[in-house]
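One structure coming up, written as structure tokens, with questions to follow.
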Amino acid sequence: MADHYYSEQPHSEFITETWSYSLKGHPFTFTSGTGVFSKGKVDFGSALLVETFKEPDIEGDFLDLGCGYGPIGISLAYEYTNRHVVMVDVNERAVELTKMNANQNNVSNVTVIQRDGLSKLDQQATFAAIVMNPPIRIGKQKVYSFFEQCKSALAPSGELWIVIQKKQGAPSAIKYLSSLFHQVDIINRKKGYFIILAK
């Protein structure tokens with residue numbers, strides 16, 4: 001597989017960049033780098049997902065699946081201090097950066113794990129909410145397998161929040177999610193991005 005954000009161990013020179021960004025009205029400082037998704041800025045889709053997300057009614061942890069350098073999970077952990085956020089990514093640089101970003105933003109209610117999806121997750125967890133900006137480049141079949149894993153990992157009445165661009169397959173993803181979940185809604189759409197909520 002080519003050396004990109006879904007590589008387990010990127011081989012490109014590791015060059016980092018740090019910047020400030022506001023999410024849910026809070027200022028954050030993030031560091032990202034080469035070999036990781038969205039170097040140098042918080043991508044529009046992730047920011048839209050964070051701003052649209054609403055806390056579910058049920059108790060339980062959150063999961064940020066494919067967390068990258070951590071802007072989604074860290075901002076939600078900062079906003080919802082009563083929740084613990086598990087953050088998972090296959091990319092070792094992403095995991096390293098997420099830990100760094102949690103520390104530099106004084107966010108401690110997170111656990112960061114290097115894993116390919118939810119395979120071999122160290123805990124038998126049922127999450128109240130899972131948030132996901134899917135790694136579209138890995139292909140529809142793999143992304144859809146993540147949707148299936150998410151369904152199994154959610155608590156009863158748990159929620160899966162996803163951001164996907166229309167041109168990257170949002171309509172077909174909605175159709176597939178509807179075969180897995182009782183209720184699938186488009187909660188927000190902006191600049192071709194869909195925020196999808198599956199319950």
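The values are calculated or read from the model by the stated rules, or taken from the named source; none is laboratory data. In this text, all values refer to a predicted model and were calculated from it rather than measured experimentally. Reconstructed Cβ throughout: ideal geometry from the backbone, glycine too, with neighbour counts over all protein chains shown.
Quick one: would you say R137 is at pLDDT below 95 and either closer than 14 Å to D64 by Cα or touching a strand residue (DSSP E or B) at 6+ places or on another chain (Cβ under 8 Å) (or both)?
On the way: at pLDDT below 95: yes; either closer than 14 Å to D64 by Cα or touching a strand residue (DSSP E or B) at 6+ places or on another chain (Cβ under 8 Å) (or both): no.
So R137 does not fit the description; no.
May I pose another question? Out of the residues in the range 45-73 that are assigned to a helix (DSSP H, G or I) and more than 10 Å from the chain's Cα centre (by Cα), state the one that is surrounded by the fewest Cβ atoms within 10 Å (Cβ to Cβ).
Residues of the range 45-73 that are assigned to a helix (DSSP H, G or I), as a first pass: 45-52, 71-73.
Imposing the further condition that a residue be more than 10 Å from the chain's Cα centre (by Cα) reduces the set to 45, 47-48, 51-52.
Values: G45: 23, A47: 21, L48: 19, E51: 14, T52: 16.
Of everything passing the filter in the range 45-73, E51 is surrounded by the fewest Cβ atoms within 10 Å (Cβ to Cβ).
Now, a different point. Every residue in the range 100-109 that is without any contact (Cβ under 8 Å) to a residue 24 or more places away in the chain and either outside any loop (DSSP other than H, G, I, E, B) or among the charged types (D, E, K, R) (or both), please. Please lay out each step first, then the result.
Of all residues in the range 100-109, those without any contact (Cβ under 8 Å) to a residue 24 or more places away in the chain come to 103, 106, 108.
Hit for the range 100-109 is N103, nothing else.
Using beta carbons and a limit of 6 Å, which pairs, at least six apart or on different chains, have the first residue in the range 52-75 and touching a residue at least 60 places away in the same chain (Cβ under 8 Å) and the second one buried (at least 24 other Cβ atoms within 10 Å of the Cβ) and basic (K, R)?
Partner pairs satisfying both residue conditions: none exist.
Could you count how many residues in the range 142-186 are within 17 Å of the chain's Cα centre (by Cα), part of a strand (DSSP E or B) and either of a type in the set (D, E, K, R) or over 20 Å from C67 (Cα atoms) (or both)?
1
Between residues in the range 183-199 that are touching a residue at least 12 places away in the same chain (Cβ under 8 Å) and over 13 Å from A173 (Cβ atoms) and residues that are surrounded by fewer than 14 Cβ atoms within 10 Å (Cβ to Cβ) and among the small types (G, A, S), which pairs lie under 8 Å by C-beta distance while being six or more apart or on different chains?
K199/S157
Then there is this: Being among the hydrophobic types (A, V, I, L, M, F, W, C) and either over 26 Å from D57 (Cα atoms) or in contact with a Lys or Arg (Cβ under 7 Å, 6 or more places away or on another chain) (or both) narrows it down to one of V107, V88, so name that one. Full working, then the answer.
Values: V107 fails: either over 26 Å from D57 (Cα atoms) or in contact with a Lys or Arg (Cβ under 7 Å, 6 or more places away or on another chain) (or both).
Going through V107, V88 in turn, just one is among the hydrophobic types (A, V, I, L, M, F, W, C) and either over 26 Å from D57 (Cα atoms) or in contact with a Lys or Arg (Cβ under 7 Å, 6 or more places away or on another chain) (or both): V88.
Evaluate the following for A77: is it in a strand (DSSP E or B) and either over 20 Å from F62 (Cβ atoms) or small (G, A, S) (or both)?
no
Being in contact with a Ser or Thr (Cβ under 6 Å, 6 or more places away or on another chain), small (G, A, S) and at pLDDT below 85 is the filter; apply it to the range 4-42 and report the residue that is farthest from T52 (Cα to Cα).
S12
Follow-up question, since we're still on this one. Scan the range 70-95 for residues that are within 22 Å of G45 (Cα to Cα) and either aliphatic (A, V, I, L, M) or at pLDDT 95 or above (or both) and report the count. Give the steps one after another, and end with the answer.
Step one: filter the range 70-95 for residues within 22 Å of G45 (Cα to Cα), giving 70-80, 85-91, 93-95.
In the following step, the residues that additionally are either aliphatic (A, V, I, L, M) or at pLDDT 95 or above (or both) were identified as 70-80, 85-88, 90, 94-95.
Adding up the residues that qualify gives 18.
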